[in-house]
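The values are calculated or read from the model by the stated rules, or taken from the named source; none is laboratory data. Treat the numbers as computed from the prediction; the structure is a model and nothing was measured. Every residue, glycine among them, receives a Cβ derived from its backbone with ideal geometry; neighbour counts consider all protein chains shown.
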Amino acid sequence: MAELVDRTIAAAAKAWPFEEARKVVARLGSGSKDGPVVFETGYGPSGLPHIGTFGEVARTTMVRRAFEALTGGEIPTQLIAFSDDMDGMRKIPGNLPNAEKLEPFIGRPLTEVPDPFGTHESFAHHNNARLRGCALQKRQQISPVHVPRRPCRRRAHLRKGPSGPSTVKPSAARHDVVLC
C-alpha cells in the first residue's frame, strides 16, 4: 500500500487511531513480523446496514491505516470482519417488506430467517451482501475479509479473545489485533 501519511507526522499524531495503532506497534515489539497483522471487527446483520454497522468496519480500518502509516507499510495487514449471523432475531425492523412473514422467526438465528426481499438464502446473507457491496467501502478502500460466524462455529475455528469475544485461531505467522 502506498504511504498515505509521512511517518514523522504519523508518529506525532494525537488522533485516537494513531494512539491505538501505537499500542499495537508496541505490543508487536521486535517479534517476528513474517505474517500479516490481522485487525478484526464484527457486526450484527440483524437489520439493513446503516452508519452504525459501517462504523464497526470503519473504526477498525482507521486503526489499521494508522498502523500502516506508523510502520511505513512494511508490515502486511489484513482486516477480518465477522458477521454475528448466528444472533437471534430480536425484533422485525420496520423498514422491511413482508414483515408479517418474519414473525414466526423471532428468536431464531438470522441465518434461519428468510430474506424478505427474496434475493438471498437468508436475512443474514442479504444484509451481509448489502454491507459488502456498500459503495462507501469501495471509495474508502475498506476491503474486509468477510467471515460469517455460522461456519466458524460449526467447524470450531473460534477461540476466546483477550477481552472476551471469539476470534479466529491465530496461525504462527500472523498477529491478531482484536478491537472491541
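For beta carbons closer than 7 Å, sequence separation of 6+ or different chains, a first residue in segment 80-102 that is more than 13 Å from Ala124 (Cβ to Cβ) and modelled with pLDDT under 90 and a second that is β-branched (Val, Ile, Thr) and part of a helix (DSSP H, G or I), the qualifying pairs are Ala81/Val57.
Tell me yes or no: at least one residue of segment 83-91 is under 15 Å from Arg132 (Cα atoms), of a type in the set (D, E, K, R), touching a strand residue (DSSP E or B) at 6+ places or on another chain (Cβ under 9 Å) and crowded, with 19+ Cβ neighbours inside 10 Å. Yes, segment 83-91 contains a residue that is under 15 Å from Arg132 (Cα atoms), of a type in the set (D, E, K, R), touching a strand residue (DSSP E or B) at 6+ places or on another chain (Cβ under 9 Å) and crowded, with 19+ Cβ neighbours inside 10 Å. Applying a threshold of 7 Å to beta carbon distances and a minimum spacing of six or more residues, or different chains, the list of pairs starting in segment 116-140 at a residue that is over 17 Å from Met89 (Cβ atoms) and ending at one that is modelled with pLDDT of 85 or more and surrounded by fewer than 20 Cβ atoms within 10 Å (Cβ to Cβ) reads Ala129/His120.
Taken together, Val63, Val57 contain a single residue that is of a type outside the set (Gly, Ala, Ser), part of a helix (DSSP H, G or I), at pLDDT 90 or above and closer than 29 Å to Arg130 by Cα, which is Val63.
For Phe54, the conditions (1) aromatic (Phe, Trp, Tyr); (2) buried (at least 19 other Cβ atoms within 10 Å of the Cβ); (3) within 14 Å of the chain's Cα centre (by Cα) are fulfilled apart from (2).
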